[in-house]
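What follows is one structure encoded as structure tokens, with my remarks underneath.
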Amino acid sequence: AVVTGNVIETSLGYFINPLVTVMFAVVLLKEKLRRMQWVALGVGLIAVLVLTVDYGRPPWIAIILALSFGTYSLAKNRVGRNIGALQSFTIESATVLPIAIIQLIVVASFGPVMLLSGPMEAAVLIGFGIMTAVPLILFGAAASRIPLSMIGFIQYLTPVLQFSAGYFILGEEMPPVRWIGFGLVWVSLVILTSDAFRRKPISPIVEAL
């Protein structure tokens, strides 16, 4: 998404991730939603439909990101309680290692591989790996210690930064209809967040942080 000029669409995926988390809570954990939570989900669905019209296609990048990271958050919250963050990350890395090796072989068959292009390129690539691993380890440590809903609130920071980078730095387009779609997403998040804070006392949240 980053190299094809779809940074703003990736931010959409992380904006709707809290809504996906709520959906998972209903479908998988059999939790019951309050009226305002249903309203937030409805507004979020309308936003996705509006953006589908604007893009001329469903925003697949955003949808896949939201579903995949929502699943990851759910797994971390339910399973990660019994496993340390570093151990959990090691298991995840070992699981995807065979797939990564196959992917590397396939890519190498079509041209030069960055890792083998030179020491500078290899160092940069390894550095990117470290930059990716450290936040994931920290996320794993936090996900097993705080409520799943709090994870959703904290994750608002990521799409805000992505949207800002895509719009202000990379100059990606935001037609009027797209602003409407994103506006509906933000409205749904305001509804969801305000309802959660109104219904839940502050002290457990502060304690979780």
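Rule-based calculations on the coordinates, nothing more; no lab input. What you are looking at is a predicted structure, and each value in this text was computed from that prediction instead of being measured. A quick note on method: Cβ atoms are made from the backbone with ideal geometry, for glycine too, and the neighbour counts reach across all protein chains shown.
Figures for the structure shown
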quantity	calculated
Simple Cβ-charge dipole of the chain, Lys/Arg +1 and Asp/Glu -1, about Cα centre, in debye nearest 20	940
Most mobile listed residue (VAL20, VAL134, VAL96) in the chain, GNM with C-alpha springs under 10 Å	VAL96
Candidates PHE89, PHE128, PHE24, ranked by Gaussian network fluctuation over the chain, Cα under 10 Å, top entry	PHE128
Overall Cα dimensions of the range 58-131, principal axis frame, Å, largest first	42, 37, 21
VAL2-VAL27 FRET efficiency (beta carbon distance; Förster radius 45 Å; 0.05 resolution)	0.90
Per-pair calculated FRET efficiency, R0 = 35 Å: TRP38 and LEU170 via Cβ, rounded to 0.05	0.45
Distance histogram for the chain (every C-alpha pair counted, 10 angstrom bins, percent rounded to whole numbers)	8, 28, 33, 24, 7, 1
Residue-averaged 222 nm ellipticity for the chain, from DSSP H runs of 4+ at -39500 (n - 2.57), nearest 500	-25000 deg cm²/dmol
Fewest-first ranking of MET131, MET36, using other Cβ atoms within 10 Å as the exposure measure	MET131, MET36
Gaussian network model of the chain, Cα within-10 Å springs - most flexible of ALA165, ALA94, ALA141	ALA94
Which of PHE163, PHE110, PHE69 has the fewest Cβ neighbours within 10 Å, and the rest in rising order	PHE110, PHE69, PHE163
Label-point gap, in nm, between ARG198 and ILE99 - each point 7 angstrom along Cα→Cβ	4.1
Two-site label geometry, ARG78 and LEU161: point separation in nm, points 7 Å out along Cα→Cβ	2.9
Between the range 1-69 and the range 83-146, the alpha-carbon center distance in angstrom	26
Gain upon complete extension [THR132, ARG145; 0.36 nm per residue less C-alpha separation]	2.6 nm
At R0 = 25 Å, FRET efficiency that the Cβ-Cβ distance of SER117 and SER68 yields, to 0.05	0.25
For the chain, with +1 on Lys and Arg beta carbons and -1 on Asp and Glu, the positive-most of TYR167, PHE128, LEU189 along the dipole	LEU189
